[in-house]
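A quick write-up on the structure given underneath.
The values are calculated or read from the model by the stated rules, or taken from the named source; none is laboratory data. It should be emphasised that the depicted structure is a prediction, and the values quoted were computed from it without experimental measurement. Glycine gets a Cβ as well: all are built from the backbone with ideal geometry, and neighbour counts include every protein chain shown.
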Amino acid sequence: MSLVARDIAFAYPGREPLYDGFSLEVEPGERVALVAPSGRGKTTLCRIMAGQLEPQRGEVLVDGEPLLGRRPSGRRALPVQLVSQHPELAFDPRMRMGASLAEGAAGRSVADALDRAEETGLRELLGIRGEWLSRFPHELSGGELMRFCIARALLAEPRYLLCDEMTAMLDAVTQAEIWHRVLAIARERAIGLVVVSHSPALLAKIATRQCPLSGRR
């Protein structure tokens, strides 16, 4: 049981390959930090491992099955979820936050999804206030929107969570609070984490191991 990126090669048109033959395996409950200078493809790799980009070569597997062959259907979402660093871009500006949160629970009505968020304690753990649910994205702060991003991803009941500079735009106190709560949920559910951050101190505190992002042959 693991999330595997195997022999990944990817290049944007007209550019040098970001990686050519990169592999990574993440076990349930493991917290892996991707380490590389800016511009070396950490965000791109997260998108590949979340099924949002297809590599030129290689594959992403979950428990030995191709991730791209496991499209969400019915009440099941993909077992890998990505939370990126720009929560303000993650929501439909015309949709109220309660409806946006419900998108994480594939196949559930908004009411059922909000009930699920309440039953699982996600709202309480992430500090999402009831009055926020009826607001639009522009009426919330970056920190409040990030709480919704994380809750929506966790509402999908992922086995693996990819955290790409997840708290980079937040103040130190809010960062510490959110990470404390995310790690508590990850430990409880044995969720594997892939973490990208420019803060060595944060990675040293969170990660169980570090993986240098290299793979050019």
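Of all residues in region 118-135, none are of a type in the set (S, T, Y), under 15 Å from the mean Cα position of the chain (by Cα) and part of a helix (DSSP H, G or I). All of V182, V196 fail the test of being in contact with a strand residue (DSSP E or B) (Cβ under 9 Å, 6 or more places away or on another chain), surrounded by 16 or more Cβ atoms within 10 Å (Cβ to Cβ) and closer than 20 Å to Q52 by Cα, apart from V196. Go through the residues of region 45-58 one by one and say whether even a single one is surrounded by 18 or more Cβ atoms within 10 Å (Cβ to Cβ), aliphatic (A, V, I, L, M), closer than 25 Å to A186 by Cβ and modelled with pLDDT under 90. The answer is no, given that none of the residues of region 45-58 is surrounded by 18 or more Cβ atoms within 10 Å (Cβ to Cβ), aliphatic (A, V, I, L, M), closer than 25 Å to A186 by Cβ and modelled with pLDDT under 90.
For region 78-89, does any single residue satisfy the condition of being farther than 20 Å from R147 by Cβ, surrounded by 13 or more Cβ atoms within 10 Å (Cβ to Cβ) and modelled with pLDDT under 90? Looking through region 78-89, at least one residue is farther than 20 Å from R147 by Cβ, surrounded by 13 or more Cβ atoms within 10 Å (Cβ to Cβ) and modelled with pLDDT under 90. Count of region 144-179 residues, restricted to those that are aliphatic (A, V, I, L, M) and either without any contact (Cβ under 8 Å) to a residue 24 or more places away in the chain or touching a strand residue (DSSP E or B) at 6+ places or on another chain (Cβ under 6 Å) (or both), is 9. Taking (1) of a type outside the set (K, R); (2) within 16 Å of E103 (Cβ to Cβ); (3) crowded, with 23+ Cβ neighbours inside 10 Å in turn, L162 satisfies each apart from (2).
Against the numbered list (1) outside any loop (DSSP other than H, G, I, E, B); (2) farther than 27 Å from G29 by Cα; (3) at pLDDT 90 or above, L154 comes up short only at (2). Among the residues in region 20-31, are any within 28 Å of A190 (Cβ to Cβ), touching a residue at least 40 places away in the same chain (Cβ under 8 Å) and among the aromatic types (F, W, Y)? Among the residues of region 20-31, at least one is within 28 Å of A190 (Cβ to Cβ), touching a residue at least 40 places away in the same chain (Cβ under 8 Å) and among the aromatic types (F, W, Y), which makes the answer yes.
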